[in-house]
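All remarks here apply to the structure that follows.
The values are calculated or read from the model by the stated rules, or taken from the named source; none is laboratory data. Everything numeric here is computed off the predicted structure, so don't read it as measured data. So basically every Cβ, Gly included, is an ideal-geometry build from the backbone, and we count neighbours across all protein chains shown. These accessible areas exclude ligands, DNA and RNA; they are computed on the full protein's heavy atoms, side chains included. Shrake-Rupley method; radii C 1.70, N 1.55, O 1.52, S 1.80 Å.
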Amino acid sequence: MKKYICNVCEYIYDPEEGDPDSDIDPGTPFKDIPDDWVCPVCGVGKEDFKEDEE
């Protein structure tokens, strides 16, 4: 699964890890995260993330 990076703070959402603090289970693809989820570091929305090229 592809990782996504925040354009603002460079936090990387890794689907294999999920975001347990926001109740996003490991194995959850970025597209399946609720639309109201925000970056756990800087608080921007999903629209401010891009697919990680690495």
Run the quick spin-label model on E54 and D35: label points 7 Å from Cα toward the beta carbon, then report their separation in nm to one decimal.
3.1 nm
Calculate, for the chain, the solvent-accessible area per residue in square angstrom, rolling a 1.4 angstrom probe over the heavy atoms of the protein chains.
69 Å²
Listed residues Y13, Y4 arranged by accessible area, highest first, probe 1.4 Å:
Y4, Y13
Once neighbouring chains are kept in place and the probe is 1.4 Å, which whole percent of the accessible area of the chain is contributed by carbon and sulfur?
43 percent
Could you give the C-alpha radius of gyration of the chain expressed as a fraction of 2.2 N^0.38 Å, taking N as the number of residues it contains?
0.98
